[in-house]
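The values are calculated or read from the model by the stated rules, or taken from the named source; none is laboratory data. This one's a predicted model, so the numbers in the text were calculated from it and none came from an experiment. Counting neighbours? That spans all protein chains shown, and the Cβs are built from the backbone with ideal geometry, glycine included.
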Amino acid sequence: MDKYNQVSLSEFQINRVNELIDKVAKRQILDFGNINAETKDDGSLITNCDRWSDKNIVQGLKEITNGEEGILSEEGSKKVPDSKAFWVVDPLDGTTNFAAGIPHWAISIARFINGEPQSAFLDIPALKQRVTAIKGQGVWINGESISSEKKLQSRTECVSLCSRSINILRKSPNQTFPGKIRLLGVSSLNMLTVATGQTFGAIESTPKIWDIAASWLILTELKCEINWLDINPYDLYPGQDLSTVNFPLITALSKSHLEKLSPWGEILMS
C-alpha cells in the first residue's frame, strides 16, 4: 500500500470515490428538509443523515485504500492521522441549511499527502454539481475542465462572508465595505464562489480543517490567493487534535482583490 502514500489516486480509485459520493448524495437528497437536527456540544447542528453519511464515507474510503490511509472527519476522529497519505471529510457541510430545507449544502472530501491536499471532491447534491481537483492537474466541474484565466474575467462585485465574519461590520461601522455581501451559510461553498469567479473574495472567521480541505486545493489549482490570518494549515502534525482549531482566512481572485479585503482581515482578528 506504500504506493498510495506516494502518488495520485488511480483512475479506478477516483471512480470509486465518485461512486461513493453518488451513494451518499442520493441519501441526502431523500432526507433533505425531512429530518430533525440536534445540537452538538459546540453549538453546531447534526442530523442522523450526517452520521449515516460520515459512516458510509469513512467505511468506503477504508475499502478504497485497503484501510492503510488515515481518515479525519467532522463526525469521527478529529486527530491528524500519522499516515503519509490521509483523508479529511466533511460528510455534510451546511447542516443548518440542509435541515431547514435550504438547497445549499455540500459533501467535502480531500486526500492529503505530506500535509497538503492532493485530491479534492466537493459535491453539491441539490445543484447536481461536483467539483474535482487534482494537484498540478487542474479542476473540473461535472467533468468539464475550468481554467484560472476564466475566473479572472469575472467582473463580480460580490464578497462571501460567513455568519461570524459579518461581525467585522460592527467592529468598523464607519468604513465602507468594498463589496456586495453574500452569506451562503456553507464554508466550503463560500470559498468555491471565489474559485469560480462568482465572488471576488471570501472571509471565513472560524472554519475547521474539514470545512476548508477540498476548497483549499480547488482555490490553489485555480491560482486564487489565500491569506491565512492565524494558524497555517501547512503546519499540521500527526496526532494533532483539530476539534477546536480554527483556520481563519481571506481568499480572493487576485492579489489586487486580496489587498481590498486585507484591512478587514485585520479587523476580524483584532
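Mind checking which residues of the range 141-175 are charged (D, E, K, R), more than 17 Å from Glu221 (Cα to Cα) and surrounded by 12 or more Cβ atoms within 10 Å (Cβ to Cβ)?
Answer for the range 141-175, where residues must be charged (D, E, K, R), more than 17 Å from Glu221 (Cα to Cα) and surrounded by 12 or more Cβ atoms within 10 Å (Cβ to Cβ): just Arg164.
Among what's in the range 241-254 and is out of contact with any Phe, Trp or Tyr (no Cβ under 7 Å at 6 or more places or on another chain) and closer than 15 Å to Val159 by Cα, pick the residue that is surrounded by the most Cβ atoms within 10 Å (Cβ to Cβ).
My answer is Thr251.
Can you find a residue that is β-branched (Val, Ile, Thr) and either more than 16 Å from Ile21 (Cα to Cα) or outside the structural domain of Cys49 (by TED's automatic domain parsing) (or both) anywhere in the range 118-126?
No; the residues of the range 118-126 include none that is β-branched (Val, Ile, Thr) and either more than 16 Å from Ile21 (Cα to Cα) or outside the structural domain of Cys49 (by TED's automatic domain parsing) (or both).
Counting just the residues of the range 103-126 that are of a type in the set (D, E, K, R) and modelled with pLDDT of 95 or more, which one comes out farthest from Glu74 (Cα to Cα)?
Only one residue fits best here, namely Asp123.
Going through the range 90-120 one residue at a time, which ones are surrounded by fewer than 23 Cβ atoms within 10 Å (Cβ to Cβ) and assigned to a strand (DSSP E or B)?
Ile113, Glu116, Gln118, listed by residue number.
Is there a residue being surrounded by fewer than 15 Cβ atoms within 10 Å (Cβ to Cβ), touching a residue at least 24 places away in the same chain (Cβ under 8 Å), over 29 Å from Leu45 (Cβ atoms) and in contact with a helix residue (DSSP H, G or I) (Cβ under 6 Å, 6 or more places away or on another chain) anywhere in the range 183-206?
no
For the list (1) in contact with a Phe, Trp or Tyr (Cβ under 9 Å, 6 or more places away or on another chain); (2) on the phi > 0 side of the Ramachandran plot, I need the number of the one condition that Lys260 fails.
Result: Lys260 passes all but (2).
Which residue is modelled with the lowest pLDDT, if the candidates are limited to the range 4-50 and must be assigned to a strand (DSSP E or B) and surrounded by 15 or more Cβ atoms within 10 Å (Cβ to Cβ)?
Ranking the candidates gives Leu45 first.
Looking at this structure, is Glu75 surrounded by fewer than 21 Cβ atoms within 10 Å (Cβ to Cβ), farther than 15 Å from Asp211 by Cβ and of a type outside the set (Phe, Trp, Tyr)?
no
Could you tell me whether any residue of the range 52-67 is surrounded by 14 or more Cβ atoms within 10 Å (Cβ to Cβ), in a loop (DSSP other than H, G, I, E, B) and touching a residue at least 24 places away in the same chain (Cβ under 8 Å)?
yes
Is it the case that the range 133-140 has a residue that's surrounded by fewer than 19 Cβ atoms within 10 Å (Cβ to Cβ), farther than 22 Å from Gln13 by Cβ and hydrophobic (A, V, I, L, M, F, W, C)?
No, there is no match, as no residue in the range 133-140 is surrounded by fewer than 19 Cβ atoms within 10 Å (Cβ to Cβ), farther than 22 Å from Gln13 by Cβ and hydrophobic (A, V, I, L, M, F, W, C).
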